[in-house]
Amino acid sequence: ALAEDDDPQVRATILESYDRWTGFAGAEVREHIIDAMADGDPVPPGWFDAALEDPQRPVRRAAARAIRGTGRHVVAHADPVPDLDDPLHGAGDITAARIETERGTVVVELYPALAPASVASFAALAEAGTYDGLTFHRVVPAFVIQGGCPDDTGWGGPGYTIRSEFNRLAYEPGTLGMARSAVDTEGSQWFITHDRQPHLTAHYTAFGRVVEGMHVVHAIRRGDRILGITVERGPTLSAPTADPE
């Protein structure tokens, strides 16, 4: 409410107060200050960009929203995949994701038991808002739709790579896989197959499958946007049985 005041001194005071709300306890206040300042007069150059490096993910995501509101796309850096003793990288309770697109919603079941680092990274990037507003930069009929490139060139990534997690989950219609340029170069880009693609099996990390919305997958065209991805959690799912080749 204060940010809507036309008095520049009020907005200056709000900006000053941002630095006083430090640490985890102040994260929610910092998030709301960013949202408020995004709707008014310009902030000092680089102010939103500095918030992209905040230790708390909701604050980083708010900063990315504010910057994207100016027409510039940025990546809200996800927390890196943790180095844990847990073989599932903390992703064992991740079960699914809802991918909202301009053509409709696609629901994918996720398999951390088969590809834990891939699921953990995908979920972290989704929850950071990294995929919000990105396009499906590659669409090949009867093959795949591909998205997740921060600069829409097909060569961008999240600033880190993860190891390949090849498995025997067959690439059938609706299989969700990680894009790569070589072994152990997976990052933020992923694809969904239109049809059966046996040549991809065990050569590209498969980490999920479409359970709702294949008609949306077939309707996607190059340049269509990802509106957002919501990660769902629940009881750990057992790994699916690999389909016979």
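On a 1.4 Å probe surface of the protein chains, which of 178, 214 comes out largest in accessible area, and what is the full order?
So, going from the largest accessible area down, we get 214, 178.
Using a 1.4 angstrom probe on heavy atoms only, work out the carbon and sulfur share of the accessible area of segment 29-175 in %.
53 percent
I'd like the accessible area for residue 166: 1.4 Å probe, protein heavy atoms, all chains in place, Å² to the nearest 10.
Spelled out: residue 166, probe radius 1.4 Å, area about 80 Å².
Let me know the charge dipole size of segment 96-228 about its Cα centre in debye, to the nearest 20, where only the beta-carbon of Lys, Arg (+1) and Asp, Glu (-1) is charged.
Here the size comes out at about 280 debye.
Hey, how much of the P(r) for the chain falls beyond 24 Å, as a percent of Cα pairs?
The share of Cα pairs beyond 24 Å in the chain comes to 48 percent.
Given axes a ≥ b ≥ c from the Cα gyration tensor, I'd like to know whether segment 45-126 is rounded (a/c under 1.5), prolate (a/b larger than b/c) or oblate.
Oblate shape, in that a/c is at least 1.5 and b/c is the bigger or equal ratio.
Heavy-atom accessible area per residue, segment 86-163, 1.4 Å probe: how many Å²?
The answer is 34 Å² per residue.
When a/c reaches 1.5 or more, the comparison of a/b and b/c decides; with that in mind, is segment 104-223 rounded, prolate or oblate per its Cα gyration tensor?
rounded
Could you pull out every residue, at least 5 positions away or on a different chain, whose amide H is within less than 5 Å of the one on residue 95? Hs are placed 1.01 Å off N in the peptide plane, and Pro or chain starts have none.
Close amide H contacts, sequence-distant or interchain: 232, 233, 234.
Cut-off 10 angstrom, C-alpha nodes, Gaussian network model of the chain. Which of 181, 118, 17 fluctuates the most?
181
Ordering 18, 131 by how much accessible area each has at a 1.4 Å probe, largest first, what is the list?
I get 18, 131, largest accessible area first.
Suppose accessible area is computed on protein heavy atoms with a 1.4 Å probe; arrange 155, 21, 190, 47 from highest to lowest.
155, 21, 47, 190
Using a basic spin-label model with each label point 7 Å from the Cα along Cα→Cβ, how many nm lie between residue 221 and residue 105?
2.4 nm
Work out from phi, with θ = phi - 60° and the Karplus expression 6.51 cos²θ - 1.76 cosθ + 1.60, the ³J(HN,Hα) of each residue of segment 149-163, listed in order in whole Hz, and give x for Gly and Pro.
Result, ordered by residue: 8, x, 10, 6, 9, x, 10, x, x, x, x, 8, 10, 10, 6 Hz.
The values are calculated or read from the model by the stated rules, or taken from the named source; none is laboratory data. No experiment lies behind these values; they were computed from the predicted model shown. A quick note on method: Cβ atoms are made from the backbone with ideal geometry, for glycine too, and the neighbour counts reach across all protein chains shown. Accessible surface areas use protein heavy atoms only, side chains included; no ligands, DNA or RNA. Shrake-Rupley method; radii C 1.70, N 1.55, O 1.52, S 1.80 Å.
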